[in-house]
Amino acid sequence: MNYTEALNKIDSLLVFGSQPGLDRIKMLLSLMGDPQDNVHFIHVAGTNGKGSVCNMLSSVLTKAGYKTGLFTSPHITGFGERMQINGNEISEEDTIALVEKLFPLVEELRAKDIIITEFEFVAAMAFQWFYDKGCDTVVLETGLGGRFDATNVIKTPLCSVITSISFDHTAILGDTLGKIAFEKCGIIKENGHTVFGLQQDEVNECVRNAANERSNKLHISKPLSAVSTDLFKTVVDSGDMTINMPLLGEHQLKNLSLVLSAVEALREQGYSITNEQIKLGVESVKLPARFEKLSAEPLIIADGAHNPDGMKALSMAVDRYLADKTVICVLGMLRDKDCLHAVANMQGKVKKLFATTVPDNPRRQTAEELKETISPLGFDTESCEDPHTAVDKALEEVKKYPDGMLLICGSLYLVSELRGYVGAHFVR
């Protein structure tokens, strides 16, 4: 089996979609010998901010000398991004070996009408890889929700981190913030530590109740403010140290505060992490698709914001960093997202919008469908089915304005597709 064949095996499971529940992956892991039971985890759930928090925590732990695994999704630059150790992605050789070892178990279960989904299989691969490589700690990001997410088969983690809670996947997680928070809090287990930043009252109540019921020590993160910020970094004074954070936007200050609180929870459990290691870890994070500058001339920014809360954060970043620019936007969103309310956050900030289709995704909607969905918002919108063509047309529009720039947003999957296309034509 070569690498392409291994990835094709994994991708073949996408046809089964997303099916919340733990029974299937527990059966698979049992056949594997339950490798996840012999690894220490930091478990992270929430609507937005999970990827940023996970990457910062992983980087800090690595700088502190711990052999640190990182599991995130979806990938932006390539499959290997989804599981890393000390910042190094899983190799093609290890990927092939794991698929060859574990896929026969998937087929064995399928013969018994037990269907393993793509996310479940990739999570199982990661558990096996982290165990085989002897990781000290793994930073584990949930996929969808928490309570019935495939990652939630682990024992009590070192700490459970709950990031920003907002409306997304409401058909699965519930139509109120309280219901959604309840699902996310499913990762909180008995006698652990919970890290959380105060939000809406019903979210706060849910997290407090879950932590109390499961005898967790609750660590409430402290608000942070920026000393200064520009398109290259945000300077943050935490009181103990000054950090030049490469991640931009007000929402990243909240994510950083969760990281600092998680470090305190780890210190209480015997982890040795200095302030200098925190600073080095945060400052070395490179995270694609989070207000990422793909090109300087012309200016091209890509952001994976894909729900109302994420788009609100992106809107604030546009106000802060791009107020003097004429923004042309390429937008693609999946059909199960609240497109209307998400894109409404960009009213008054975008000169022209090119609606496109997120490629190769079973949840995609056509460019014309997206254009029709957001039509009540009054944007000057043109539909363009092919995302590469949409970028080409948008860049022609950018040339009409001396202060013109391109913003790509609406889906991590769209940004993943377009990062390479833009990178082949422009210099950062």
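What to note about this one:
- Residue in region 16-32 that is buried (at least 23 other Cβ atoms within 10 Å of the Cβ), touching a strand residue (DSSP E or B) at 6+ places or on another chain (Cβ under 7 Å) and among the aliphatic types (A, V, I, L, M) present: no
- Those residues of region 130-141 which are in a helix (DSSP H, G or I) and surrounded by 23 or more Cβ atoms within 10 Å (Cβ to Cβ), in sequence order: 130
- Subset of region 231-241 (residues that are in contact with a helix residue (DSSP H, G or I) (Cβ under 8 Å, 6 or more places away or on another chain) and at pLDDT 85 or above): 234, 236, 238, 240, 241
- You will find that of 406, 418, 412, the residue that is at pLDDT 95 or above, among the aliphatic types (A, V, I, L, M) and more than 10 Å from residue 354 (Cα to Cα) is 406 and no other.
- Among residues of region 7-26 that are among the aliphatic types (A, V, I, L, M), those with a beta-carbon under 8 Å from a residue that is exposed (fewer than 13 other Cβ atoms within 10 Å of the Cβ) at least six positions away or on a different chain give the pairs 14/362; 15/362.
- Number of positions in region 265-296 that are within 30 Å of residue 395 (Cα to Cα) and β-branched (Val, Ile, Thr): 1
- Every condition in (1) among the hydrophobic types (A, V, I, L, M, F, W, C); (2) in contact with a helix residue (DSSP H, G or I) (Cβ under 6 Å, 6 or more places away or on another chain); (3) within 24 Å of residue 345 (Cβ to Cβ); (4) modelled with pLDDT under 95 holds for residue 330 except the one numbered (4).
- Test: residue in region 22-36 that is of a type in the set (Asp, Glu) and within 18 Å of the chain's Cα centre (by Cα): no
- Counting only residues that are within 30 Å of residue 362 (Cα to Cα) and in a loop (DSSP other than H, G, I, E, B), region 306-339 holds 8 of them.
- Total residues in region 103-138, condition farther than 24 Å from residue 87 by Cα and in contact (Cβ under 8 Å) with a residue 12 or more places away in the chain: 9
- Answer residue from region 166-180, given it is buried (at least 17 other Cβ atoms within 10 Å of the Cβ) and closer than 25 Å to residue 118 by Cα and is modelled with the highest pLDDT among those: 180
The values are calculated or read from the model by the stated rules, or taken from the named source; none is laboratory data. Please read these numbers as outputs of a predicted model, since none were measured by experiment. Every residue, glycine as well, gets a Cβ built from its backbone with ideal geometry; the counts of neighbours run over all protein chains shown.
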